[in-house]
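*Asks:* Below is a structure I'd like to ask you about.
The values are calculated or read from the model by the stated rules, or taken from the named source; none is laboratory data. Remember, it's a predicted structure, so these values are computed and weren't measured experimentally. Note that each Cβ is placed from the backbone with ideal geometry, even for glycine, and that neighbours are counted across all protein chains shown.
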């Protein structure tokens, strides 16, 4: 019996030991559970094929709280659950090691009938790799270049009601880890898995009265963002340099859930400048401009003070030797104070991450 399987069954036993009974007049408010992962590493690059030698497995314990109507957006999304989890993944060989992760996610209902629910999950968190790349002791690990990475997760979740307290669950999902090119190498890892688990309701509450819905006017809003971060110049072993991104976009608030975005980005990345200056192929030549300008289209999904942003950009100005035409940005925006927000974005070119951005924004 592997370590992961032992952890899974130990948690199941602890759940059975606890004794909590349901009130027939109440609705679930919080629950705890455990699930077992089994899957495969997606070969998104030919450079990582030799590292995939095992079907990874893992175990996760989680706590979930029901958003039952204290704010108007809860009803708009069908009263979702918010979860917090701790996970352990065994990648199956000495090169890749294991990953520990802590994440927060939200679970939205898609369909429900006679004790069966189908839900969608999306979340983010932090990962810790036990065997990251090291030029002397682990130079084969081109997937995980640093101990810490950003986790992104998504899943389709089916739940069966066993009795008022207990539910079984079956998930199919994908979990991604990447450090956003803060340290190279950074191929990143995508774990595709099927998960089976058990959860137990530990707290109940009376269903609150639904709040009065607040109207959202269909209007244009304008945002200005300043994003900062650090990335490593290519190839591996070069210096880690700062970057700065200026972004402005207009958003059309279509309804309580969605805004459609159009805007522009101005990128200044000194790691790219370092790579150009040290390039063997550009010796004796005038170095191209390392700054870039892009136009973007995107969508913002509103979850109260929190928003999920997805954007697709097109470079209208780029002079680099290896040109990328399109880029993508995936972000979180938290309304911190009045019109001021805290933002985090992951910028990629398809499956290749370029930068992990942190910053502030103002909306008018």
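*Asks:* What is the one condition in (1) over 19 Å from the mean Cα position of the chain (by Cα); (2) modelled with pLDDT of 95 or more that residue 312 does not satisfy?
*Replies:* It fails just one condition, (1).
*Asks:* A follow-up question, please. Being modelled with pLDDT of 85 or more, assigned to a strand (DSSP E or B), assigned by TED's automatic domain parsing to the domain that holds residue 194 and exposed (fewer than 15 other Cβ atoms within 10 Å of the Cβ) is true for just one of 62, 40. Which residue is that?
*Replies:* The conditions single out 40.
*Asks:* Are any residues in the stretch 43-59 closer than 26 Å to residue 196 by Cβ and in a loop (DSSP other than H, G, I, E, B), and if so, which ones?
*Replies:* Passing the criteria: 43, 44, 52, 53, 54, 55, 56.
*Asks:* Okay, next question. Which of the residues that make up the stretch 89-105 are part of a strand (DSSP E or B) and surrounded by fewer than 17 Cβ atoms within 10 Å (Cβ to Cβ)?
*Replies:* Hits for the stretch 89-105 are 100, 102, 104.
*Asks:* Could you check the stretch 106-183 for strands (runs of 3 or more DSSP E) lying wholly inside it with 2 or more residues that are under 19 Å from residue 45 (Cα atoms) and in contact with a helix residue (DSSP H, G or I) (Cβ under 8 Å, 6 or more places away or on another chain)?
*Replies:* Once the strands (runs of 3 or more DSSP E) in the stretch 106-183 are filtered for at least 2 residues that are under 19 Å from residue 45 (Cα atoms) and in contact with a helix residue (DSSP H, G or I) (Cβ under 8 Å, 6 or more places away or on another chain), nothing remains.
*Asks:* Let me ask another. Quick check on this structure: which one of 278, 221 is more than 23 Å from the chain's Cα centre (by Cα) and within 30 Å of residue 79 (Cα to Cα)?
*Replies:* Exactly one residue qualifies, and that residue is 221.
*Asks:* On the given criteria, is residue 70 touching a residue at least 12 places away in the same chain (Cβ under 8 Å), under 20 Å from the mean Cα position of the chain (by Cα) and closer than 20 Å to residue 305 by Cβ?
*Replies:* no
*Asks:* So which of 115, 49, 127 ends up being outside the structural domain of residue 331 (by TED's automatic domain parsing), in contact with a strand residue (DSSP E or B) (Cβ under 7 Å, 6 or more places away or on another chain) and either in contact (Cβ under 8 Å) with a residue 60 or more places away in the chain or surrounded by fewer than 19 Cβ atoms within 10 Å (Cβ to Cβ) (or both)?
*Replies:* Testing whether each residue is outside the structural domain of residue 331 (by TED's automatic domain parsing), in contact with a strand residue (DSSP E or B) (Cβ under 7 Å, 6 or more places away or on another chain) and either in contact (Cβ under 8 Å) with a residue 60 or more places away in the chain or surrounded by fewer than 19 Cβ atoms within 10 Å (Cβ to Cβ) (or both) leaves just 115.
Quick grid of which residues meet (1) outside the structural domain of residue 108 (by TED's automatic domain parsing); (2) surrounded by fewer than 18 Cβ atoms within 10 Å (Cβ to Cβ); (3) touching a helix residue (DSSP H, G or I) at 6+ places or on another chain (Cβ under 7 Å); (4) part of a loop (DSSP other than H, G, I, E, B):
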| position | (1), (2), (3), (4) |
| --- | --- |
| 247 | yes, no, no, no |
| 271 | yes, no, no, no |
| 288 | yes, yes, yes, yes |
| 296 | yes, no, no, no |
| 299 | yes, yes, no, no |
| 323 | yes, yes, no, yes |
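*Asks:* Is there a residue in the stretch 275-283 that is in a strand (DSSP E or B), exposed (fewer than 15 other Cβ atoms within 10 Å of the Cβ) and either free of Cβ contacts under 8 Å to residues at least 24 places away in the same chain or not assigned by TED's automatic domain parsing to the domain that holds residue 103 (or both)?
*Replies:* Within the stretch 275-283, not a single residue is in a strand (DSSP E or B), exposed (fewer than 15 other Cβ atoms within 10 Å of the Cβ) and either free of Cβ contacts under 8 Å to residues at least 24 places away in the same chain or not assigned by TED's automatic domain parsing to the domain that holds residue 103 (or both).
*Asks:* Continuing with the same structure: Of all residues being modelled with pLDDT of 95 or more and loosely packed, with under 15 Cβ neighbours inside 10 Å in the stretch 335-351, which is farthest from residue 152 (Cα to Cα)? Just the residue, please.
*Replies:* 340
*Asks:* Among the listed residues 161, 221, 234, which satisfies the condition of being in contact with a strand residue (DSSP E or B) (Cβ under 8 Å, 6 or more places away or on another chain), within 27 Å of residue 343 (Cβ to Cβ) and at pLDDT below 95?
*Replies:* 221
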